[in-house]
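Chemist: Take this structure, written in structure tokens, and hold onto it; I'll ask about it next.
The values are calculated or read from the model by the stated rules, or taken from the named source; none is laboratory data. No experiment lies behind these values; they were computed from the predicted model shown. Neighbour counts are summed over all protein chains in view; Cβ atoms, including those assigned to glycine, are modelled from backbone coordinates with ideal geometry. Side chains are part of the model used for accessible areas, which takes the heavy atoms of the whole protein and leaves out ligands, DNA and RNA. Shrake-Rupley method; radii C 1.70, N 1.55, O 1.52, S 1.80 Å.
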Amino acid sequence: MMDETLSDLYQELILDHNRTPRNWGELAAPTHRALGHNPLCGDRLTLQLVLSVDGRISEVAFTGQGCAISKASASLMTTALRGLSRDDAERLFAAFHALVTQGHAGEVALGKLVAFQGVRGFPMRVKCATLAWHTLQAALSGQGQEVTTE
Ligand code: ZN
């Protein structure tokens, strides 16, 4: 009963972020950017960041087209990134990846990102949920090019 209620809440959160993605659009002067493509599902997104002089993410925005999971995941990711250092962002991705592949995130608090726990067990959906994060990694590494999940 409890689990059912929680998963309904999570589903509602994902639908909400798909309908009304946060940080949607383009930045005037991004310092980092990357394109992400998930050919299995057809998801595409562009992620832009401003990494400020103190090494923290101060602005983030995305656009793209794809399934509800990919769009909601990108939206929720952008809400979690502001103020994080590159290392913090990497740690968050590692925890998120553990959540969607193994069902637990270790000691890192994921907040609303736990909504994607349900994709575990659906490898295709895992690609959708992690696309934005792979794109973030590419952007932070300064490649500025397209990253393709496989
Ligand atoms: Zn997808």
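Chemist: Rolling a 1.4 Å sphere over the protein heavy atoms, what is the accessible area per residue of the range 21-95, to the nearest Å²?
Modeler: Working: 3340 Å² over 75 residues.
Accessible area per residue, the range 21-95: 45 Å².
Chemist: For the range 54-112 and the range 34-49, what is the centre-to-centre distance using only Cα atoms, to the nearest Å?
Modeler: First find each Cα centre; the distance between them is then 15 Å.
Chemist: What accessible surface, in Å², does a 1.4 Å probe find on residue 88, ignoring ligands, DNA and RNA and rounding to the nearest 10?
Modeler: 50 Å²
Chemist: Among 61-69, 133-141, how do they line up from the highest to the lowest mean number of other beta-carbon atoms within 10 Å?
Modeler: Top of the packing list down: 133-141, 61-69.
Chemist: Next question, about the same structure. Nearest 10 degrees is fine. How inclined is helix 2-19 to the longest principal axis of the chain, computing both from alpha carbons?
Modeler: 40 degrees
Chemist: Quick one: grab Rg to one decimal and Dmax as a whole number for the chain, Cα atoms only, in Å.
Modeler: In order Rg, Dmax, the Cα atoms of the chain give 14.4, 48 Å.
Chemist: Same structure again: Over the chain, what is the mean sequence separation of C-alpha contacts under 8 Å (at least six apart), divided by residue count, expressed as relative contact order in percent?
Modeler: Reported as a whole number, the value is 30 percent.
Chemist: Which percent of the accessible heavy-atom area of the chain goes to carbon and sulfur, probe 1.4 angstrom?
Modeler: 52 percent
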